[in-house]
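A quick write-up on the structure given underneath.
The values are calculated or read from the model by the stated rules, or taken from the named source; none is laboratory data. Quantities reported herein were computed from a predicted structural model and do not represent experimental measurements. No Cβ is skipped: glycine too gets one built from the backbone with ideal geometry, and neighbour counts run over all protein chains shown. Ligands, DNA and RNA are stripped out before the accessible areas are found, and what is left, the full protein with its side chains, is counted by its heavy atoms. Shrake-Rupley method; radii C 1.70, N 1.55, O 1.52, S 1.80 Å.
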Amino acid sequence: MPELPEVETVVRGLAPRLAGCVIRQASFSSHLVVREDFRAMAARLAGRRIESVERRGKFIVLRLDRGALSIHLGMTGKLLLDGVRGEHTRAEFTLDGGVLVYDDARQFGRIEYGEPEPKRLAGLGPDALHSGREEFFDTLRRHAGRIKPLLLNQGVIAGLGNIYVDEALFAARVHPKARVSRLSERRLQALHEAVTSVLRRAIAAGGSSISDYVDAEGRRGSFQNEHCVYGRAGEPCQVCGGAIRRIELGQRGTHYCPRCQKV
DNA sequence: TCAAATGTTTGATC
DNA sequence: GGATCAAACATTTG
């Protein structure tokens, strides 16, 4: 459910409400979401002040007066301000200014603590939204292989997921199976511009709500209405009128226009 | 009953 | 050290 625009939307909703709050109490109920000892984790968080709420790739990062907490929403995670405890609630943070509820049906999400920050954040590539043209080129050119799996690799570029990779490749007219090494400077530049503009437009729309994504206030996004290829197999391409095709690539459903996107 | 789902990790193989 | 592919994680939905 959550890629960069969805996580950004959640962070923008949380930041003004959480900054300056103190965590009074934390409780957990899933060893899949929280891999370490619940009591040790709760003890470390109790009494900590939240200095800021930031996004790194698809991670929500709460900077605390000591250390930092990272929250990854996986596929079905929701972080709800003053949310109500439900069947799939896996964590609850009682703050001096409200309650933060972490809900996650599939439990692919992760909550981790680290000092000064969780170690896995160090493995992320440059942020897809803030990566400049030069950095984008240099990073991609260091790798071989097909462009789509590469863009999905968080260690290469952080933040893109299945929806936005398909949408950006369509906007740049690049075939998902294209080899990075075969892409011209011009194609790469188009791709960089496409990534940036698709992400910006998606953030402006509050993200994409395909099935369950909602922001910190429980509101759905609307960018799914602007998808050109994702989830539109069989529908006519908005540019050429040909049918959008769905294939499997790197174990992910992949949507593209065979006429507009050549290898 | 089967397929697919906004994600990531791990292990085998080349 | 990589790329590539399959499987696994757990649950819901059509």
- Task: Look at A:Gly159 and say whether it is open to solvent by less than 30 Å² (accessible area, probe 1.4 Å), more than 18 Å from A:Val174 (Cα to Cα) and within 16 Å of DNA strand C (Cβ to nearest atom).
- Result: no
- Note on the structure: Residue set A:Tyr230, A:Tyr164; condition open to solvent by 50 Å² or more (accessible area, probe 1.4 Å), at pLDDT 95 or above, touching an Asp or Glu at 6+ places or on another chain (Cβ under 7 Å) and outside the structural domain of A:Met75 (by TED's automatic domain parsing); output residue A:Tyr230
- Query: Among the candidates A:Leu81, A:Leu95, A:Leu4, which residue alone is touching a Cys at 6+ places or on another chain (Cβ under 9 Å) and either within 22 Å of A:Leu124 (Cα to Cα) or crowded, with 16+ Cβ neighbours inside 10 Å (or both)?
  - Reply: A:Leu95
- Task: Determine, yes or no, whether A:Lys78 is within 11 Å of DNA strand B (Cβ to nearest atom) and free of Cβ contacts under 8 Å to residues at least 12 places away in the same chain.
- Result: no
- Item | Matching entry among A:Ala216, A:Ala204, A:Ala194 (being more than 16 Å from DNA strand C (Cβ to nearest atom), under 16 Å from the mean Cα position of the chain (by Cα) and open to solvent by less than 20 Å² (accessible area, probe 1.4 Å)) | A:Ala216
- Query: With (1) of a type in the set (A, V, I, L, M, F, W, C); (2) open to solvent by 50 Å² or more (accessible area, probe 1.4 Å); (3) more than 11 Å from DNA strand B (Cβ to nearest atom) as the list, and A:Ala178 as the residue in question, which single condition is left unmet?
  - Reply: (2)
- Item | helices (runs of 4 or more DSSP H) fully within the stretch A:135-227 counting 2 or more residues that are in contact (Cβ under 8 Å) with a residue 24 or more places away in the chain and among the hydroxyl-bearing types (Ser, Thr, Tyr) | A:185-204
- Query: A:Arg120: out of contact with any helix residue (DSSP H, G or I) (no Cβ under 7 Å at 6 or more places or on another chain) and either under 16 Å from A:His255 (Cβ atoms) or free of Cβ contacts under 8 Å to residues at least 40 places away in the same chain (or both), yes or no?
  - Reply: no
- Query: Within the stretch A:60-77, is there a residue that is open to solvent by less than 50 Å² (accessible area, probe 1.4 Å), more than 16 Å from DNA strand C (Cβ to nearest atom) and among the charged types (D, E, K, R)?
  - Reply: no
- Query: Hey, A:Glu135 hits all of (1) away from DNA strand B (no atom under 16 Å from the Cβ); (2) open to solvent by less than 50 Å² (accessible area, probe 1.4 Å); (3) within 28 Å of A:Ala171 (Cβ to Cβ); (4) not basic (Lys, Arg) but one; which does it fall short on?
  - Reply: (2)
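Please tell me if A:Gln261 is over 18 Å from the mean Cα position of the chain (by Cα), modelled with pLDDT of 95 or more, open to solvent by 30 Å² or more (accessible area, probe 1.4 Å) and not assigned by TED's automatic domain parsing to the domain that holds A:Leu81.
No; evaluated as a whole, the condition is false for this residue.
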